[in-house]
Amino acid sequence: MARRAAAGLLRRHLGPLAAGETLQARGMYPKQYGAANHAFSRFYSIQGQQRSLYGFRTNVETDDTQQSARMNFEVQKRSFSSAAAHVQRNPAYSVLNSDDVSYFKSILGESGVVQDEDRVAVANMDWMGKYKGSSQLLLLPKSTAEVSKILSYCNSRRLAVVPQGGNTGLVGGSVPVYDEVIISLGGMDKIITFDNVNGILTCEAGCVLENLSSYVENKGFIMPLDLGAKGSCHIGGNISTNAGGLRFIRYGSLHGSVLGLEVVLADGTVLDMLTTLRKDNTGYDLKHLFIGSEGSLGIVTKIAILTPAKLPSTNVAFLSCNDYISCQKLLLAARRSLGEILSAFEFMDRHCINLAMKYLEGVHNPLPVSPYNFYVLIETTGSDESYDKAKLEAFLLRSMEDGLVADGVIAQDISQASNFWRIREGISEASVKVGAVYKYDLSIPVEKLYDIVEEMRSRVGDMGQVLGYGHLGDGNLHLNILSTKYSDKMLAQIEPFVYEWTSKQRGSISAEHGLGLMKAEKIHYSKSSEAVQLMASIKKLLDPNSILNPYKVLPQSVL
């Protein structure tokens, strides 16, 4: 494609600001570009706000979405069948009695012990309405000492418990399976310290991710992870599931960002690993056992986490590609050309865009002229606005000339950038509005990643709609199969095929969502039997009575 034609595509503006709204009111100021060969005469940059536009992003787990999901499943009277649904209650567990409730009230007070049916019902169900327990008790501790007393008592009585944060998970890991006592960490939401020199945040596990983001941004830093559920999810839950999210390509896993943890073990022992040191090679680094263990080895109560410096320049581009091979090549080109400023590389197929346009309010297609097979969202963050902008524009022009990009646009203001991200992050919300959603979170080699989407479409046929999207820069596919209702016939077309296929590619059946109840019996598809046995040995050592989040993470046969 000729350079002039490519530049013409990038001149696209997506619409004016709202009436009476100034760029300064959004914290944005115009930047002038004098060079004649620049695709834009003016670009609106976000000054001093590292992705502050995400304050406008709609969280997947909004109250309206949760209510809508629950109404959907209540109407369907659904019975979701899978191997996970057939786990039997462990008869070794005690049944809650009035003496237990009295003890909990003695340490937490009346307000810290919830038996109200409506409030407990909310905690019993996940946000999609897919998993529902039958717990009769919700505990609201406000300190590590209270969590310790709760677990010490439950361990002595062999009362099973399930720790719960923001309850935004997708695999049934944060709700009871049967009558487990729910321990909510929501009352433990204090920021303890912040190191302004090194950017190290120490806080309690019940802090909401978005609140932490706002706090550190005011200090000149950002959180190393960013999720669509940031307005609801808790940092303790993020740690316990080793959440990935949108910044993974830039800042990596929480295993690298978390410096220290405080964890309460099953017998009430408080394990103090709350170091803020960057380097500490004294013995085994035990904190890594609890990152991603989904509350099955201990309950995380405090966190020390390294936060990167906030950078002043942010650019967001929304692009289209004709085929998946072009998406792959574009990723490689972005790594090479954008290098250190590349902070997100997300992809969506056209079915995702169609779904978003149909079910998400207030969004519009940035590239409405022609339908394309694939869409890519690229974000850059850096310290030099003019350098970063010129670098991104040059990359996009080359990509268009090379035929990798069919069309594209760079956000001209925070409203447009927010619209781009709203589309990507709203896919999960939109999918719930169809009815039944079978969600799979897979790590697959990038060159094979979309093959399973196409194969699944062949298997499902006209029984449902198959979507493929995710964090292409991380090799992480979100495979969603949509239908009007759950059915054994549909499930038989999906499982175990999805796990067998992923295993053959030496992929992972859980890239970032965890195993929870949904995939506990499927772990052998990603881990050797020797590795699973070793995990079971660790579980038995730290939680011999198996009271912590039972039926999750590991198969019951190895415990």
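The values are calculated or read from the model by the stated rules, or taken from the named source; none is laboratory data. Every value quoted in this text rests on a predicted model; they were computed, and no experiment measured them. With ideal geometry, Cβ positions are generated from the backbone for all residues, glycine too; neighbour counts draw on all protein chains shown. The area values use the complete protein model at the heavy-atom level, side chains included, leaving out ligands, DNA and RNA. Shrake-Rupley method; radii C 1.70, N 1.55, O 1.52, S 1.80 Å.
Please verify whether segment 408-421 includes one or more residues that are open to solvent by 20 Å² or more (accessible area, probe 1.4 Å) and within 26 Å of residue 243 (Cα to Cα).
no
Considering only residues that are of a type in the set (Gly, Ala, Ser) and in a helix (DSSP H, G or I), look in segment 385-424 and name the one that is nearest to residue 328 (Cα to Cα).
Looking at residues that are of a type in the set (Gly, Ala, Ser) and in a helix (DSSP H, G or I), I get 399.
Go through segment 369-386 and report how many residues are open to solvent by 40 Å² or more (accessible area, probe 1.4 Å) and either touching a residue at least 24 places away in the same chain (Cβ under 8 Å) or among the basic types (Lys, Arg) (or both).
Number satisfying all stated conditions: 6.
Tell me the residue from 151, 170 that is part of a loop (DSSP other than H, G, I, E, B) and under 25 Å from residue 554 (Cβ atoms), please.
On the way: 151 fails: part of a loop (DSSP other than H, G, I, E, B).
From the options 151, 170, the qualifying one is 170.
Conditions tested, residue by residue: (1) farther than 15 Å from residue 416 by Cα; (2) aromatic (Phe, Trp, Tyr).
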| site | (1), (2) |
| --- | --- |
| 339 | yes, no |
| 345 | yes, yes |
| 361 | no, no |
| 365 | no, no |
| 368 | no, no |
| 372 | yes, yes |
| 375 | yes, yes |
| 382 | yes, no |
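Under 6 Å between Cβ atoms, which residue pairs at least 6 apart in sequence (or on different chains) link something in segment 124-146 that is more than 12 Å from residue 107 (Cα to Cα) with a partner that is open to solvent by 20 Å² or more (accessible area, probe 1.4 Å) and among the charged types (D, E, K, R)?
124/132; 125/132; 129/70; 134/179; 135/179
Could you go through segment 138-145 and let me know if any residue there is modelled with pLDDT of 95 or more, over 27 Å from the mean Cα position of the chain (by Cα), closer than 23 Å to residue 261 by Cα and surrounded by fewer than 18 Cβ atoms within 10 Å (Cβ to Cβ). Outline the logic, then answer.
Taking segment 138-145 as the starting set, the residues that turn out to be modelled with pLDDT of 95 or more are 138-145.
With the extra rule that they be over 27 Å from the mean Cα position of the chain (by Cα), the set shrinks to 145.
Still in the running and closer than 23 Å to residue 261 by Cα: 145.
Checking which are surrounded by fewer than 18 Cβ atoms within 10 Å (Cβ to Cβ) leaves us with 145.
Checking segment 138-145: at least one residue is modelled with pLDDT of 95 or more, over 27 Å from the mean Cα position of the chain (by Cα), closer than 23 Å to residue 261 by Cα and surrounded by fewer than 18 Cβ atoms within 10 Å (Cβ to Cβ).
Among (1) assigned to a helix (DSSP H, G or I); (2) not assigned by the TED database to the domain that holds residue 431, there is one condition residue 358 misses while meeting the rest; what is its number?
It is condition (2) that residue 358 fails.
Would you check which residues across segment 387-405 are closer than 30 Å to residue 467 by Cα, open to solvent by 20 Å² or more (accessible area, probe 1.4 Å) and among the small types (Gly, Ala, Ser) and list them?
403
Anything in segment 104-129 that is within 15 Å of residue 146 (Cβ to Cβ) and surrounded by fewer than 16 Cβ atoms within 10 Å (Cβ to Cβ)? List them, or say none.
Selection gives 105, 106, 109, 110, 111.
Can you name the residue in segment 408-460 that is at pLDDT 90 or above and among the hydroxyl-bearing types (Ser, Thr, Tyr) and is also nearest to residue 373 (Cα to Cα) among such residues?
450
Report, by residue number, each residue of segment 132-157 that is in contact with a helix residue (DSSP H, G or I) (Cβ under 9 Å, 6 or more places away or on another chain) and over 23 Å from residue 190 (Cα atoms).
132, 133, 134, 135, 136, 137, 153, 154, 157 - these are the residues of segment 132-157 that are in contact with a helix residue (DSSP H, G or I) (Cβ under 9 Å, 6 or more places away or on another chain) and over 23 Å from residue 190 (Cα atoms).
Pull out all pairs, ordered by first then second residue, where Cβ-Cβ is under 8 Å, the residues are six or more apart or on different chains, the first lies in segment 446-467 and is on the phi < 0 side of the Ramachandran plot and in the same structural domain as residue 327 (by the TED database), and the second is of a type outside the set (Ser, Thr, Tyr) and open to solvent by 70 Å² or more (accessible area, probe 1.4 Å).
463/489
Of everything in segment 152-186 that's within 11 Å of residue 124 (Cα to Cα) and polar (S, T, N, Q), which residue is surrounded by the fewest Cβ atoms within 10 Å (Cβ to Cβ)?
Residue satisfying both the conditions and the ranking: 167.
Keeping to segment 448-472, report how many residues are acidic (Asp, Glu) and either crowded, with 24+ Cβ neighbours inside 10 Å or within 14 Å of residue 324 (Cα to Cα) (or both).
2
With the condition kept exactly as written, say whether any residue in segment 225-234 is among the small types (Gly, Ala, Ser), crowded, with 23+ Cβ neighbours inside 10 Å and out of contact with any Asp or Glu (no Cβ under 7 Å at 6 or more places or on another chain).
no
Go through segment 484-517 and report how many residues are modelled with pLDDT under 95, among the hydroxyl-bearing types (Ser, Thr, Tyr) and surrounded by fewer than 18 Cβ atoms within 10 Å (Cβ to Cβ).
Going through segment 484-517 one residue at a time, the tally reaches 2.
Which one of these is open to solvent by 20 Å² or more (accessible area, probe 1.4 Å), in contact (Cβ under 8 Å) with a residue 60 or more places away in the chain and not in a loop (DSSP other than H, G, I, E, B): 271, 289, 311?
Numbers: 271 fails: in contact (Cβ under 8 Å) with a residue 60 or more places away in the chain; 311 fails: not in a loop (DSSP other than H, G, I, E, B).
Answer to the check: 289.
Tell me, which residue of segment 193-208 that is within 15 Å of residue 300 (Cα to Cα) and hydrophobic (A, V, I, L, M, F, W, C) is surrounded by the most Cβ atoms within 10 Å (Cβ to Cβ)?
In this case the residue turns out to be 205.
For the structure I just gave you, tell me whether residue 552 is among the basic types (Lys, Arg) and touching a strand residue (DSSP E or B) at 6+ places or on another chain (Cβ under 6 Å).
For residue 552, the condition - among the basic types (Lys, Arg) and touching a strand residue (DSSP E or B) at 6+ places or on another chain (Cβ under 6 Å) - is not met.
Anything in segment 314-343 that is assigned to a strand (DSSP E or B) and touching a Phe, Trp or Tyr at 6+ places or on another chain (Cβ under 9 Å)? List them, or say none.
315, 316, 317, 318, 319, 320, 321, 343 - these are the residues of segment 314-343 that are assigned to a strand (DSSP E or B) and touching a Phe, Trp or Tyr at 6+ places or on another chain (Cβ under 9 Å).
Name the residue that is most open to solvent (accessible area, probe 1.4 Å), counting only residues in segment 425-447 that are in a loop (DSSP other than H, G, I, E, B) and touching a strand residue (DSSP E or B) at 6+ places or on another chain (Cβ under 7 Å).
The residue in question is 434.
Could you check segment 521-559 and list, in sequence order, the residues that are open to solvent by less than 20 Å² (accessible area, probe 1.4 Å) and of a type in the set (Phe, Trp, Tyr)?
The one that is open to solvent by less than 20 Å² (accessible area, probe 1.4 Å) and of a type in the set (Phe, Trp, Tyr): 551.
Could you please find all residues in segment 173-194 being touching a helix residue (DSSP H, G or I) at 6+ places or on another chain (Cβ under 8 Å), farther than 18 Å from residue 263 by Cβ and part of a strand (DSSP E or B)?
Scanning segment 173-194 gives 181, 182, 191, 194.
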